[in-house]
């Protein structure tokens, strides 16, 4: 009872603004002109502005892509009804590369100012959506991997029989000109077998050693530089603080090289590719949460990933190029997941980023 009786006097010492600043949910108050008159600390972090900047200015001025948010706010203001919108994508002008996925609740304030002010509650669901997307990707990759390995087994058996029959036929032939045809059959059977093996992914387990990610990046950089046209700029932006990690050197090089070559083909005869490394903390990859993760980005200014390929780009035989095999990204994803990591991407015209997340510490 003593605690209850003292509670009003305790709360009287707190400024409501200070209480709002302790919340992880963003709180914004807008006036009738949809100008911000208040924003707590969480809202300022989410939307990448300061209250001093925002006060008295239209809310939409701070957003690159409002995704219809202004229309929703105006409707709530006109009708006086509360509105909730889920998974709204917002790009703050202060951090244009960092799209936010927000659950937004809009409440017209009651009392004498009804219909003239709006209270916005902003819950950041970006991380939750990312984890859900990654789990869905990993589940689909597992199903695809099993199907491909079963299909590979069924294809390789008749290929082996075809190759053996061609070898036997070659021994019976006397004319060298006829043997050229059997060599074509044998060569094509070997080529198809290698293609099927690539689809099925690497057969050996990762041979992990202590290695610095930048050694891998530098190796890929020099290979890429040798293949690129003279008008293609390849830049490096490394975080020197990245510690060593336990990775399979050859598998990680192959994965990064596949992604980088994909970027090289995207820019064509001229463009820019950037190899970038950063350290991320407390990152979830599938079911595991890692204290520290190496983020290796390959950014290009090509045309971007076509919309119809975005959901299936890491599947084998999926390609947007007429002469592509559709195996590069599929094999890269397989190699990275074998090392406990994951490949993600975001794409728009003139800016595509493939990100390799590679664990650096204990999960």
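Here are the numbers for the structure shown:
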| read-out | value |
| --- | --- |
| Sole exception among (1) at pLDDT below 80; (2) loosely packed, with under 15 Cβ neighbours inside 10 Å for residue 190, by number | (1) |
| Selection from region 283-305 of residues that are at pLDDT 85 or above, buried (at least 18 other Cβ atoms within 10 Å of the Cβ) and over 26 Å from residue 269 (Cβ atoms) | 293, 294, 295 |
| Residue 347 vs. criteria at pLDDT 80 or above and assigned to a strand (DSSP E or B) | yes |
| Residue match in region 233-255 (condition: more than 30 Å from residue 303 (Cα to Cα), at pLDDT 85 or above and not assigned by TED's automatic domain parsing to the domain that holds residue 329) | no |
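The values are calculated or read from the model by the stated rules, or taken from the named source; none is laboratory data. These numbers were taken from a predicted model, which means no experiment stands behind them. Neighbour counts are summed over all protein chains in view; Cβ atoms, including those assigned to glycine, are modelled from backbone coordinates with ideal geometry.
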